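Right, one structure below, let's go through it.
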Amino acid sequence: MKRETAAELSGVGFAYEKEEPVLQDVHLRVGRGEWVAIVGASGCGKSTLVRLLNALLRPQSGTVSVFGEELTEHNAPLVRSRIGMVFQNPDNQFIGETVEEDMAFGLEGLGLAREEMERRIASYSDRLDISAFLPRHPGELSGGQKQRCAVAACLAMEPEIVVFDEATSMQDERSRLELLTVIRGMKDHGDYTILSVTHDVDEMLAADRIVALKEGTICADRTPDEFFADPGLLRSCGIEPPFRMELARQLSALGLFGAAGVYGNTAEAGRFGGGSEADQRRGTRS
Amino acid sequence: MRGWIKRRAAGKRNSGKRLDGRNPVGGPPESVPCPQIAAGRSETVIELTDADYIYQAGSPFAAAALYGVNIRIRRGTLVGIAGGTGSGKSTLLQLLNGLLLPAGGSVRVLDHMLVPGLQKPKLNALRRRVGLSFQFPEQHLFEDTVEKDLMFGPLNFGMTREQAQAQALEALHAMKLDDSLLKRHPLTLSGGQMRKAAIASVLAAGPEVLMLDEPTATLDSAARRELVLLLARLCREEGRTILVVTHRIEELLEVADEWIVMHEGRAVFQGDADELGDRADELDQWGVAVPEPLKCWAEWTARLPQLAALPLPRTAQEMARRIAEAVHQSANRSALEAEAGNPGGLEASVCATN
Amino acid sequence: MRDKLMIGRMIPTGSRIHGLDPRAKIAAMLLFTAALILSDGWLPVVALAVLAAVVLAATRIPFKTYLRAMRPLRWLMLFVFLFQWFGGTGAGNADEAAWAWTFGPVALTSSGLSEALLAVSRMALLIVFTALLTFTTAPSMLSRGVEGLIKPLARRGTGAERFSLMMRLALRFVPALLEEAQTILKAQAARGADYEEMNPREKARLLLSLLVPVTVGAFRRAEELTTSLEARGYRIGAPRTAYRGLAWRGADTWFTLLFALLPIAALALRLTA
């Protein structure tokens, strides 16, 4: 089952300063409708990688293409309209004085007619359950609410690829889980290709693929259960295995239940409850 | 493991006294003359009695006021403070070193008494002994070298340059940072180093009580764990009292002696991890996510009722060991294993809520 | 912090004044200011005050709120009052005054008092009217209004758009930066440098030390913000549509005309007097 390519990096290299390359010879292909988590210790180039995708940065070597079209100076604005981004700090991505105006800001840039803007604002604020916040100033909202509004503002532009750049890392536990539900919903919705740069284990587990970066190169590209089955890899990426998984591993080490059985099942039941369904759906479509 | 059991025993010894919040252990607070005399693990170093903080215009943190907070914290304990956004947990920390003054009730920290209507007291004597690290490391780093930043506190508290330098070095080592960082510009450090340097800048003044506001936010999970273990070491080996505001109970569960949960300006819970486990249902309505270890333990306890008598294991390893023991003891072990074979049984419970 | 900064916050009541075109309101404010400057003596100032009171009432925002907006400037107003009374122009005409006290070089006269009160009234009216503008107009509308007004002046280029974006971002982020500065002051106080306990020299040094972290913070924010702006497809000069277009209606014309009469009347009054 080979999906249409949403984004592709081939042989990409990037450096802010010549002597210190941030990315080197990166090859990555993301299929339409896929959810790819990009992980790695801080400073490994994760955020740089996604910024290359929508031409916020330009690679020094190699090519970046989005929906088969190579990124150039000329088509950058057009490509950006197909890629939405949600950043870490919701405060610094709010441009409007109210949630409604902030949503409108992006839409104005798309040159939409007023009626269409109204329709989209109504529809996406309803979908993310933020209709009540529309007239509010972002300062009056909690971190989680603000981040939901940022997602709404991004989705209202109807992008095909959505990038979450550590979007959950400043959120409290509850908001983090809430946002994760939102991303899961987007995945189930099926229209979005999702890239999430993250330190969050739950976010990684929910993805289709985990791409790990180390010192500017991709050191692993695996499914979450393969990824989490490799303690050495986890350690090198600065990831602590989640408690549940660790417990299952310890239990099997103590000889409770067949070693492979419990471990494998844990990862699977933890993740594939809804995932396999979505996989099937995707299969029939493509 | 042994260390953990010892800690627990210490916790249990005091829990009876601790829980009836209003009954002071060591007599009325004014009568505590000097912390050195009344030393010992059970000495109360922080005591809030019906403390209120009324929202004051101009304070950007006081999104939530505090109402009738009663808290007592013993010397040398590591206390986790959990709560949702705006629950008042950051406000609470600022009340403890006089950055904010209570509007009602009283706040006693070490031998300092803060009560409403106090003429703006000289607070440096208190602040030297009670350090507060804010959420963003950049807020602590404003000099042009790390060393100067580390010496800022000690110098303000009246130490000589040599003393301050020695203190800075010691704090740097306590946070497991390399000497070579001293001459670096703080803003050239990596995220994790910056966070540790910011904590070291507070530690350099040699506080007896160290308070940290969400020290692990935005760090990756391995760096978070490393930091938590460092804090635990400061508490266990150097006897400091450590208060950590967090929204992730899970990351501190292994090391915290005690928990305080804040909700809408009230301290709705104070107790150890076991007591927290008993009230897991309420956590959600307090705006706090139930930590995974509590969920797992509850699921296993439901399967193996004999586990209920045991204290909550703090690590996955310990929990696995307890479970294994219980399973081996269990007479109906074979039955259990049969159940484990089917996906709806034991195995599913290991991971049901992921 | 946000509580202290009253100006810059809209208070929605849905009044007619809220519904006016921001360009009309800004023009009215400028005309009102001109009239205040031109008006001489109590009669025109009282007339302007009456007009202002009518407009204030029409906003349906409690009068108290306007008084609160004046609060941060109360010391300045007191200073202006005393300065005018003690050393202002009124002091010289001791003979014409109904009463006068003289202490050496200082002469306090009734006419001086009248002048001083007049100066303060002018100032108060100006503040209240500025507050009225920000209370009844969302900042984004305000910046759009300014953009609309200066566009004819800067026909070519993207000056108006740049200015408008700058204003919008400033209105949005200055409070956040002030908040950040305050947190750093707190972090310093926690490490033994309590601003409130310091002498002026130490205070100055401490404030200077804020410069680095606040600037760094501002740059970090600015960087994140530009990334966010770019990621949302914003380019200066790119065609945009307006979600809330400015619509000039009849009421706006009448409102502006009414205010246009003020400086003319004030000037006429002055010339005929």
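The values are calculated or read from the model by the stated rules, or taken from the named source; none is laboratory data. All of these numbers come straight from a predicted model, not from anything done at the bench. Here the Cβ is made from the backbone with ideal geometry for all residues, glycine too, and neighbour counts use every protein chain on show.
Just a few scattered comments:
- Subset of the range C:107-125 (residues that are β-branched (Val, Ile, Thr) and either within 16 Å of C:LEU38 (Cβ to Cβ) or in contact (Cβ under 8 Å) with a residue 40 or more places away in the chain (or both)): C:VAL120
- Close Cβ contacts (under 6 Å, 6 or more residues apart or on different chains) running from residues in the range A:74-85 that are facing chain C (nearest Cβ under 8 Å) to residues that are among the hydrophobic types (A, V, I, L, M, F, W, C) comprise A:ILE83/A:ILE161; A:GLY84/A:CYS154; A:GLY84/A:MET157; A:GLY84/A:VAL162; A:MET85/A:VAL163; A:MET85/C:ALA231.
- Residue-level check: of (1) within 14 Å of chain C (Cβ to nearest Cβ); (2) out of contact with any Leu (no Cβ under 8 Å at 6 or more places or on another chain), A:ILE95 misses just (2).
- Members of the range A:136-156 found to be in contact with an Asp or Glu (Cβ under 6 Å, 6 or more places away or on another chain) and within 17 Å of A:GLY106 (Cα to Cα), listed by number: A:ALA153
- Remark: C:ARG191 matches the filter, which requires a residue to be within 10 Å of chain B (Cβ to nearest Cβ) and touching a Gly at 6+ places or on another chain (Cβ under 6 Å).
- Filtered residues of the range B:281-295 (kept if within 10 Å of B:HIS263 (Cβ to Cβ) and in a helix (DSSP H, G or I)): B:GLU282, B:LEU283, B:GLN285
- Top-ranked residue in the range C:236-252 [being in a loop (DSSP other than H, G, I, E, B) and hydrophobic (A, V, I, L, M, F, W, C); ranked as farthest from the other protein chains (Cβ to nearest Cβ)]: C:TRP248
- When the test is whether a residue is surrounded by fewer than 23 Cβ atoms within 10 Å (Cβ to Cβ), more than 18 Å from C:THR226 (Cα to Cα) and either hydroxyl-bearing (Ser, Thr, Tyr) or within 13 Å of chain C (Cβ to nearest Cβ) (or both), A:ALA122 passes it.
- Among the residues of the range A:26-56, those identified as touching a residue at least 40 places away in the same chain (Cβ under 8 Å), within 17 Å of A:THR217 (Cβ to Cβ) and assigned to a loop (DSSP other than H, G, I, E, B) are A:GLY40, A:ALA41, A:SER42, A:CYS44, A:GLY45.
- For the range C:165-220, a residue qualifies if it is of a type in the set (Lys, Arg), surrounded by fewer than 16 Cβ atoms within 10 Å (Cβ to Cβ) and more than 22 Å from B:THR145 (Cβ to Cβ), and the qualifying residues are C:ARG201, C:LYS203.
- All told, A:GLU70 meets the bar of being farther than 23 Å from A:GLY106 by Cβ and either in contact with a helix residue (DSSP H, G or I) (Cβ under 7 Å, 6 or more places away or on another chain) or free of Cβ contacts under 8 Å to residues at least 40 places away in the same chain (or both).
- Taken together, the residues in the range A:11-25 that are assigned to a strand (DSSP E or B) and either among the basic types (Lys, Arg) or over 10 Å from A:SER61 (Cβ atoms) (or both) amount to 4.
- The sole residue among B:GLU237, B:GLU275 that is more than 9 Å from every other protein chain (Cβ to nearest Cβ) and either under 15 Å from the mean Cα position of the chain (by Cα) or over 24 Å from B:LEU150 (Cβ atoms) (or both) is B:GLU275.
- Selection within the range B:112-125: residues that are in contact with a helix residue (DSSP H, G or I) (Cβ under 9 Å, 6 or more places away or on another chain) and surrounded by fewer than 21 Cβ atoms within 10 Å (Cβ to Cβ). The member of this set that is farthest from B:LEU203 (Cα to Cα) is B:LYS120.
- Within the range B:261-282, the residues that satisfy the criterion of being in contact (Cβ under 8 Å) with a residue 24 or more places away in the chain, within 21 Å of A:PHE243 (Cα to Cα) and aliphatic (A, V, I, L, M) are B:ALA273, B:LEU276.
- Failed item in (1) within 14 Å of chain B (Cβ to nearest Cβ); (2) under 29 Å from A:LEU57 (Cβ atoms); (3) out of contact with any helix residue (DSSP H, G or I) (no Cβ under 6 Å at 6 or more places or on another chain); (4) of a type in the set (A, V, I, L, M), with C:VAL214 passing the rest: (3)
One line per residue, one yes/no per condition, for (1) among the charged types (D, E, K, R); (2) farther than 30 Å from A:GLY232 by Cβ:
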position	(1), (2)
B:GLY158	no, yes
B:PRO186	no, yes
B:GLY206	no, yes
B:ASP213	yes, yes
B:ARG224	yes, no
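- Every test in (1) of a type outside the set (Gly, Ala, Ser); (2) surrounded by fewer than 21 Cβ atoms within 10 Å (Cβ to Cβ); (3) in a helix (DSSP H, G or I); (4) at the interface with chain C (Cβ under 10 Å from one of its Cβ atoms) is passed by A:GLU100 save one, and that test is (2).
- Flag for B:LEU252 being closer than 27 Å to A:ALA212 by Cα, of a type in the set (A, V, I, L, M, F, W, C) and in contact with a Phe, Trp or Tyr (Cβ under 9 Å, 6 or more places away or on another chain): yes
- All helices (runs of 4 or more DSSP H) inside the range C:107-219 with 2 or more residues being among the aromatic types (Phe, Trp, Tyr): C:110-136, C:159-190
- Here B:ARG224 passes the criteria (1) closer than 24 Å to B:LEU99 by Cα; (2) of a type in the set (Lys, Arg); (3) within 21 Å of the chain's Cα centre (by Cα) except the one numbered (1).
- Those helices (runs of 4 or more DSSP H) of the range A:142-251 in which 1 or more residues are under 22 Å from B:THR218 (Cα atoms) and charged (D, E, K, R) occupy A:143-155, A:173-189, A:201-206, A:231-236.
- Test: residue in the range C:221-235 that is within 12 Å of another protein chain (Cβ to nearest Cβ), at pLDDT below 80 and surrounded by fewer than 18 Cβ atoms within 10 Å (Cβ to Cβ): no
- Test: residue in the range A:20-29 that is within 14 Å of another protein chain (Cβ to nearest Cβ) and out of contact with any strand residue (DSSP E or B) (no Cβ under 6 Å at 6 or more places or on another chain): yes
- Extreme residue, surrounded by the most Cβ atoms within 10 Å (Cβ to Cβ), among residues of the range A:20-64 that are farther than 25 Å from B:LEU219 by Cβ and of a type in the set (S, T, N, Q): A:ASN54
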